[in-house]
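Let me begin by presenting the structure, written as structure tokens, before commenting on it.
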Amino acid sequence: MVEYRAARPEDLPTLLPLVEAFARERAAAQGHQALRPDFMEHARAGMEQALAHPAAFVILAEEKGEPVGYGVGTLQEPPPPFEPRPYIFISDLYVRPDRRGQGIGTALVERIRGWGLVKGVYRLSMVVPLSSPAAVRLGTRLGFRPVEQLFFWQDSSDE
């Protein structure tokens with residue numbers, strides 16, 4: 001049975017392999033074979049910050065003490081031209097490939113949503129790669145709807 005709990009700073013060593021796997025998967029989907037050499041240093045600092053920040057929520061999914069997924073939600077304020085209604089931004093949502101299709105991603109999102117509700121925030125957003133049909137289906141099934149498409153251009157000299 002999968003158990004879900006708020007991650008604590010001492011969970012950082014448990015979370016980092018999941019963060020790395022998530023990044024490697026996304027990089028491969030974009031045609032990159034390797035992560036930047038300093039990626040894990042930045043990932044560690046970012047996760048440490050999320051674990052310590054009161055406007056962030058890191059949720060960890062475990063089965064028999066083994067991590068199977070995680071999610072990160074942060075309380076955000078929209079930029080000035082928009083209505084000043086806060087929302088929860090889900091920046092990371094990852095489930096190990098061998099555990100997908102079992103409702104873990106849904107449960108992670110619902111727990112992040114619940115954290116937002118406790119804070120009086122009823123809106124959520126997340127970015128999912130179009131290269132991941134499963135992530136797009138998850139977002140659609142949970143009631144998310146696309147609001148814009150993000151395009152990224154990379155100069156060939158950057159490769």
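Other residues lying with their Cβ under 9 Å from the Cβ of Glu62 contribute a combined charge of -1, Lys and Arg counting +1, Asp and Glu -1.
Reported to the nearest whole Å, the Cα centre-to-centre distance from segment 53-75 to segment 1-35 is 10. Per-residue Cβ neighbour counts within 10 Å put Met47, Met1, Met40, Met126 in the sequence Met1, Met40, Met126, Met47, beginning with the fewest.
Fewest-first ordering of Arg137, Arg24 by other beta carbons within 10 Å of each residue's beta carbon gives Arg137, Arg24.
Annotation: extensible slack from Thr106 through Gln33 equals 23.4 nm (criterion: 0.36 nm per residue apart, minus Cα-Cα distance). Summing charges over all other residues whose Cβ lies under 12 Å from the Cβ of Pro97, with Lys and Arg as +1 and Asp and Glu as -1, gives +2.
Counting 0.36 nm for each residue step from Arg137 to Glu48 and taking away their Cα separation leaves a gain of 29.0 nm.
Near Pro86, once Lys and Arg are set to +1 and Asp and Glu to -1 for all other residues with Cβ below 12 Å from its Cβ, the sum equals +1.
Note on the chain: GNM, Cα springs under 10 Å; of Ala107, Ala135, Ala34, the largest mean-square fluctuation is that of Ala34.
A straight chain from Tyr122 to Glu25 at 0.36 nm per residue would run longer than the Cα-Cα distance by 31.9 nm. Counting every alpha-carbon pair across the chain, the share separated by more than 27 Å comes to 25%.
The numbers here are math on the coordinates, done by the rules we state, and not lab data. These numbers come from a predicted model, not from an experiment. As a convention, Cβ positions derive from the backbone with ideal geometry for all residues, glycine included, and neighbour counts pool all protein chains shown.
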